[in-house]
Amino acid sequence: MTPLLEIKNLKTRFFTSEGVVKAVNNVSYSMESGEILGVVGESGCGKSVHALSIMQLVQDPPGKITNGEVWLDGKDLLTFSEKEMKKIRGSDVAMIFQDPMTSLNPVFTVGFQIVEALRLHNDMTKAEARERAGELLALVGIPGAEQRLDDYPHQFSGGMRQRAMIAMGLSCEPKLLIADEPTTALDVTIQAQIVDLVKKLQDDLGMAIMWITHDLGVIAEMADRINVMYAGAIIESGNVRNIYKKTRHPYTMGLLGSLPRLDEDPGAELLSVPGLPPDLLALPKGCAFAARCGYRTEKCLEEKPPLEEIDGREHAVACWHWEEIAGSK
Amino acid sequence: MSRYIIRRIFSVIPTLIGVTFVIFMFQRLIPGDPAVAMLGEHATEESVERLREQFGLNRPLFLDREALAEGDINGFFDSQYVRYMKRLLVLDMGESIHRRIPVLETLKIRFPATIELAFFAMFIAIIIGIPIGIISAANRNTPIDSISMVGSLVGVSMPIFWLGLMEIMLFAVMLQWLPAGGRISVGVEIESITNLYLVDSILTANWVGFKDASQHIILPAIALATIPMGIIARMTRSSMLDVLQEDYIRTAKAKGLGHSLVLFRHALKNASLPVVTIVGLQMGTLLAGAVLTETIFSWPGIGRWVYDGILGRDYPIVQGGTLVIAFVFIGVNFFVDIMYAFLDPRIRYN
Amino acid sequence: MAEITPEEITVTDFAVREHRSLWVDAWRRLISSNTARLGMFIVAFFLLSTTFAHFFWEYEPKKDLNYSLKLKPPTLIPNEEVPSVHPFGTDKLGRDIFRRVVHGGWNSLRVGIVAVSISLFFGGLTGLFTGFYENIDTTHIEKLFLFGLTGLVLGSLSAWIAAQPIQAIFFAILGVIAAYFKDFQKGKALRMVVFAIAGALIGAILGAFVSSAVALISLIWGAITGALLSRPLEGKFFSNVMMRLMDIILSFPGYLLAIAIVAFLGPGLEKGMIAIGVVGIPVYARLTRSAVLSVSQKEYILAAQSVGEGHGRIIFRHITPNILSPIIVQTTMGLAGAILSAAALGFLGLGAIPPEPEWGSMLGDSYRYLTSGAWWAVLFPGLAIMFSVLGFNLLGDGLRDALDPKLRT
């Protein structure tokens, strides 16, 4: 069976006056239908850009996808024309964004914006679309959904706007929903509500979800698999158990170490990853993480480690020293 | 929405009163005695005094403290300003000092001429400026963008009186395609209904008149439209570019909307807010620029009339003309505020 | 296998880029733009050529007259009819237009620069203070001053009616007292009554020396003044009054107001400068004010306030440097506008007094000869206006792009 989404050697570059920003570097992975994939990394690590690349929504200029294949349901999206791509966006793949405050158009009603998406991809009358939009708003838990269709975004609270965004994303029953940091701009309690909502919707509707976040805590409870990205590349990938319990990349260890944990000694010090991510304008020759890494050797500075499968199919890591790390644990 | 409009109306009132006050002050402060100016240097003191009495020029400007000192409270308030405000309330703007024609009569003919010219010019500026701005924004950093932006900057930098002269030289003197000035040719009659010749000729199905009036308005309107056109094009471009960076544009694209729907439905409505404001403000420039354009094209509007009034110290003309121009300007901007609320729900509901 | 632990980390090779100041950065962006470079070139060309001409190329407009050369077309090679070189031709008095265009530039640019300085100085200060006090409470001392001033201004009407200047001083003192005892009966009707009575007494008692009618009017006005002074007016009130004033000036179309001011002051270059400058004040006031409003709620201003820095210091040390970019852009573009307005005034005969050369008045002098074919007398001064204005506009445009914080990464 072919996977729902398969990405091969994806490269995205931004051609700026300062030089070429290497935002996504040789990313390859696949996703099955109905799977929840978490994509984790610091801001600026290319996780959002790689998602926009799937949708071909990278701002051009200055951005360009320079290499790679994006197979969705057995079709390579990168060979699609803009016209064919339009049909994919919003219907097969939908995306919701980080900031619900700015992601809805302020001069149109919420209802109009959902109806617009519905009528674009389905053969529906206005009345049908409006009815469906009301159902969708009810589905994402907005009380009095029917009446609120005529409200403008500024009349909604932040959490409600994100719910409306989700309703819009789900409107055409996509096979894949890409959620780009959907909870980052929200209060912690609202965050939990949104996470629960998405989990529930996934149970009911069964679409695959790509959940992009910098928060390992959020992703642990919902994802099936996790890709950890650093400097535009995947540096560790695997199912949730492996990533959390059998961490093999020093960067992932750092990320996990910086999470406070309730089940450990409350006096234990939180670890942090020292330094800053590398300049994407001038990536080092070897491992991009070497400058900040405690396991660094000559080899790390000279040669880039490939993403290798370890411990069977469920885990891959890009580090020359993963075995030492496994041993030292 | 209606509450918003009412609130705006109330906030305009102080400005209107302020404007009438400033106009009043200006005409009284212009040096030179209009009575002397009217009667000539050699007039007798007695006849000058009689004229001053007739026009109320012998009264104090605001308050008569000598009357008050004598216990005359009515006399205290009987000043030039109070008389002026009283007359304004009944739309009595007096007669021109030199020609003794009621100001309101002249305004009825001259005001439509200026309005016709200004609105026609604004129409040209909008229908050319906005598409240029949109095309530039959609093709950012391409040669099309650079050419149209430098082009519109040339428009903004244009001395319109000079442009008008060049137009006359080229189209009227050398090519003889269009008339060099005036509003209508001698011998062409248009029945006056609104005194807007283009409108009147359409209403009366007078196609000869319409053609003639159109030919006369084209050159002055183009001259007048140049600066606003450039400004509108540039404003449209920059506000489109701002809006195209917004997250909701990305959302619209992610929904699967095509390029033109994103541009015209999702971006343009948001981008139109600052453009609407600039159009309102440019109306003022148009009305003021009319002074120059009307001079060059012998256009019988209020700009030139007020200018002559200022030079001839004809108070009632200056007062009436300036007042009308300022009120139209305030009115247009009031309308712009309403438009704004209409376009942006955030203003409407707060 | 060597045991490596995270404790050994030495952080190297940080992604640190070359440090540049914002202004250096902006300058680099400016000179990397073609249009901005063109603008700079044009501006420099006009500034240098007119300045050099003014100081090193003598010209006596009063003696420049030669009827035998009246309205000759551009001549580059002297011939029998025109024995001298006139690259731009000659005007109705046989004067060399090239020479007058170059010398006229000195006047035109000067009007622009002085006018913009006037607008910038008064408009900028108004905007700074009104913007600042819109958000930030006045200090006690400032309040004493503001209330004293308000009392003085309002009281002077009463003082004028009764012809007793001393009355205005009493009202000013009443204002200071109202500000000083700001906690007296705060928020209660009694406060207003007390001050209204005090005002009425000042008006009526002194007015009674003149006549009973004067006393009556002064009593009413004094009561109103007293009542107003009893209110807890904040800086916001005064800044609103100022901005209303600016709105009123703005509701007159620019040229018309300038023409009216020149008509009032009489023609002449200096009068033109003042007229154009005054008309521009509200534009700068509004711009500065909105810029101040946007920074005055920023954390660094709050921080400066919390460590007790004086208001003057906050305004000039902390706010002003942060609002410079939009003002620089507006000033450059404003120069373009001022040159254009100056030319318009000159064209209408309200600028330079003849025979002093100035681009606008040169056009105004010559346009009647256009129909007889003397295009050169109109073309060249007009081109000079257009290109100088275009130069400042291009430069201003480039500056906006260079200083736009949205482009800063």
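The values are calculated or read from the model by the stated rules, or taken from the named source; none is laboratory data. Here the structure is a predicted model, which is why all the values come from computation and not from measurement. Glycine also receives a Cβ, built like all others from the backbone with ideal geometry; neighbour counts cover every protein chain displayed. Areas reflect the complete protein model, heavy atoms only, side chains present, ligands, DNA and RNA absent. Shrake-Rupley method; radii C 1.70, N 1.55, O 1.52, S 1.80 Å.
I need a count of the residues in region C:94-120 that are in contact with a His (Cβ under 6 Å, 6 or more places away or on another chain) and closer than 15 Å to C:W376 by Cβ. Within region C:94-120, residues that are in contact with a His (Cβ under 6 Å, 6 or more places away or on another chain) and closer than 15 Å to C:W376 by Cβ number 1. Criterion applied to C:G351, C:G396 was being more than 12 Å from every other protein chain (Cβ to nearest Cβ), surrounded by 22 or more Cβ atoms within 10 Å (Cβ to Cβ), within 26 Å of the chain's Cα centre (by Cα) and within 28 Å of C:V101 (Cα to Cα), and the one residue passing it is C:G351. Answer yes or no: is there a residue in region A:128-142 that is open to solvent by 60 Å² or more (accessible area, probe 1.4 Å) and within 23 Å of A:I54 (Cα to Cα). No: region A:128-142 contains no residue that is open to solvent by 60 Å² or more (accessible area, probe 1.4 Å) and within 23 Å of A:I54 (Cα to Cα). The criterion of at least 3 residues that are within 28 Å of B:N139 (Cβ to Cβ) is met, among helices (runs of 4 or more DSSP H) falling completely within region A:1-119, by A:47-55, A:82-88. Taking each residue of region A:76-92 that is more than 11 Å from every other protein chain (Cβ to nearest Cβ) and looking for partners that are among the aliphatic types (A, V, I, L, M) with beta-carbon atoms closer than 8 Å, six or more apart or interchain, yields A:D76/A:V70; A:L77/A:I54; A:L77/A:V70; A:L77/A:M85; A:L77/A:I88; A:L78/A:I65; A:L78/A:V70; A:F80/A:I88.
Please note which helices (runs of 4 or more DSSP H) are completely contained in region B:168-268 and include at least 1 residues that are within 13 Å of another protein chain (Cβ to nearest Cβ).
Working: elements: B:197-203, B:207-244, B:247-254.
Output list reads B:207-244, B:247-254.
For the subset of region B:73-100 comprising residues that are open to solvent by 70 Å² or more (accessible area, probe 1.4 Å) and assigned to a loop (DSSP other than H, G, I, E, B), which member is modelled with the lowest pLDDT? Selected residue: B:H98.
Taking (1) within 8 Å of another protein chain (Cβ to nearest Cβ); (2) under 16 Å from B:L292 (Cα atoms); (3) touching a Phe, Trp or Tyr at 6+ places or on another chain (Cβ under 7 Å) in turn, C:A336 satisfies each apart from (2).
Just one of B:I190, B:I144 is modelled with pLDDT under 90 and surrounded by 14 or more Cβ atoms within 10 Å (Cβ to Cβ); which is it? Explain how you work it out, then say what you get.
Numbers: B:I144 fails: modelled with pLDDT under 90.
Of the residues listed, the single one that is modelled with pLDDT under 90 and surrounded by 14 or more Cβ atoms within 10 Å (Cβ to Cβ) is B:I190.
Would you confirm whether or not region B:270-279 contains a residue that is within 8 Å of another protein chain (Cβ to nearest Cβ), open to solvent by 20 Å² or more (accessible area, probe 1.4 Å) and not polar (S, T, N, Q)? Taking every residue of region B:270-279 in turn, none turns out to be within 8 Å of another protein chain (Cβ to nearest Cβ), open to solvent by 20 Å² or more (accessible area, probe 1.4 Å) and not polar (S, T, N, Q).
Kindly indicate the residue of region B:306-349 that is within 14 Å of chain A (Cβ to nearest Cβ) and hydrophobic (A, V, I, L, M, F, W, C) and also surrounded by the most Cβ atoms within 10 Å (Cβ to Cβ) among those meeting that condition.
We begin by selecting, within region B:306-349, every residue within 14 Å of chain A (Cβ to nearest Cβ); these are B:339-349.
Filter once more, keeping what is hydrophobic (A, V, I, L, M, F, W, C): B:339, B:341-343, B:347.
On the way: B:M339: 16, B:A341: 18, B:F342: 13, B:L343: 15, B:I347: 15.
My answer is B:A341.
When B:S136 is tested against the conditions (1) among the hydroxyl-bearing types (S, T, Y); (2) farther than 14 Å from B:R237 by Cα; (3) touching a residue at least 40 places away in the same chain (Cβ under 8 Å), the lone failure is (2). Quick one: which residue in A:I96, A:I88, A:I65 is open to solvent by 50 Å² or more (accessible area, probe 1.4 Å) and of a type outside the set (F, W, Y)? It is A:I65.
Take C:Q164 and tell me if it is within 28 Å of B:M25 (Cα to Cα) and either in contact (Cβ under 8 Å) with a residue 24 or more places away in the chain or surrounded by fewer than 18 Cβ atoms within 10 Å (Cβ to Cβ) (or both). Here the answer is yes, as C:Q164 does meet what is asked. The residues of region B:152-167 that are assigned to a helix (DSSP H, G or I), within 26 Å of B:S136 (Cβ to Cβ) and either among the aliphatic types (A, V, I, L, M) or not assigned by TED's automatic domain parsing to the domain that holds B:L286 (or both), listed by number, are B:L153, B:V154, B:V156, B:I160, B:L163, B:M166.
Checked against (1) at pLDDT below 80; (2) open to solvent by less than 60 Å² (accessible area, probe 1.4 Å); (3) hydroxyl-bearing (S, T, Y), C:S68 passes all but a single condition, namely (2). Might you let me know whether region C:43-59 holds any residue that is within 25 Å of C:S325 (Cα to Cα), in the same structural domain as C:S372 (by TED's automatic domain parsing) and surrounded by 18 or more Cβ atoms within 10 Å (Cβ to Cβ)? Looking for residues that are within 25 Å of C:S325 (Cα to Cα), in the same structural domain as C:S372 (by TED's automatic domain parsing) and surrounded by 18 or more Cβ atoms within 10 Å (Cβ to Cβ), one finds at least one in region C:43-59, hence yes.
Among the residues of region C:253-270, those that are open to solvent by 20 Å² or more (accessible area, probe 1.4 Å) and within 14 Å of chain B (Cβ to nearest Cβ) comprise C:G254, C:Y255, C:F264, C:L265, C:P267.
Would you be able to say whether some residue in region B:119-133 is farther than 29 Å from C:S341 by Cβ and either aromatic (F, W, Y) or open to solvent by 70 Å² or more (accessible area, probe 1.4 Å) (or both)? Checked region B:119-133: no residue is farther than 29 Å from C:S341 by Cβ and either aromatic (F, W, Y) or open to solvent by 70 Å² or more (accessible area, probe 1.4 Å) (or both).
For region C:365-379, the criterion of being open to solvent by less than 10 Å² (accessible area, probe 1.4 Å) and touching a Gly at 6+ places or on another chain (Cβ under 7 Å) is met by at least one residue. Pick from region B:18-32 the residues that are within 19 Å of B:L89 (Cα to Cα) and more than 7 Å from chain C (Cβ to nearest Cβ): which of them is modelled with the lowest pLDDT? So the residue we want is B:Q27.
Would you confirm, using the coordinates I've provided, whether C:G89 is touching a helix residue (DSSP H, G or I) at 6+ places or on another chain (Cβ under 6 Å), crowded, with 16+ Cβ neighbours inside 10 Å and farther than 30 Å from B:T142 by Cβ?
Values: touching a helix residue (DSSP H, G or I) at 6+ places or on another chain (Cβ under 6 Å): yes; crowded, with 16+ Cβ neighbours inside 10 Å: yes; farther than 30 Å from B:T142 by Cβ: yes.
For C:G89, the condition - touching a helix residue (DSSP H, G or I) at 6+ places or on another chain (Cβ under 6 Å), crowded, with 16+ Cβ neighbours inside 10 Å and farther than 30 Å from B:T142 by Cβ - is met.
Considering (1) surrounded by 14 or more Cβ atoms within 10 Å (Cβ to Cβ); (2) closer than 24 Å to A:V240 by Cα; (3) within 13 Å of another protein chain (Cβ to nearest Cβ), the lone condition that A:E314 does not fulfil carries the number (3). You will find that of C:V43, C:V111, the residue that is closer than 18 Å to C:L363 by Cα and modelled with pLDDT of 85 or more is C:V111 and no other.
B:I296 meets the conditions (1) at the interface with chain C (Cβ under 8 Å from one of its Cβ atoms); (2) within 14 Å of the chain's Cα centre (by Cα) in every case but one. The failed one is (2).
Going by the conditions given, is A:E18 of a type in the set (D, E), open to solvent by 50 Å² or more (accessible area, probe 1.4 Å) and modelled with pLDDT of 85 or more? Give the steps one after another, and end with the answer.
Numbers: of a type in the set (D, E): yes; open to solvent by 50 Å² or more (accessible area, probe 1.4 Å): yes; modelled with pLDDT of 85 or more: no.
No, not satisfied.
Regarding region B:292-314, can at least one residue be identified that is in a helix (DSSP H, G or I), in contact with a strand residue (DSSP E or B) (Cβ under 7 Å, 6 or more places away or on another chain) and within 23 Å of B:M25 (Cβ to Cβ)? Reasoning before the result, please.
Step one: filter region B:292-314 for residues in a helix (DSSP H, G or I), giving B:292-296, B:302-311.
Next cut, in contact with a strand residue (DSSP E or B) (Cβ under 7 Å, 6 or more places away or on another chain) only: none.
No - not one qualifying residue is present in region B:292-314.
The residue list C:L233, C:L228, C:L206 contains one member that is open to solvent by less than 70 Å² (accessible area, probe 1.4 Å), among the aliphatic types (A, V, I, L, M) and within 14 Å of chain B (Cβ to nearest Cβ), which is C:L206.
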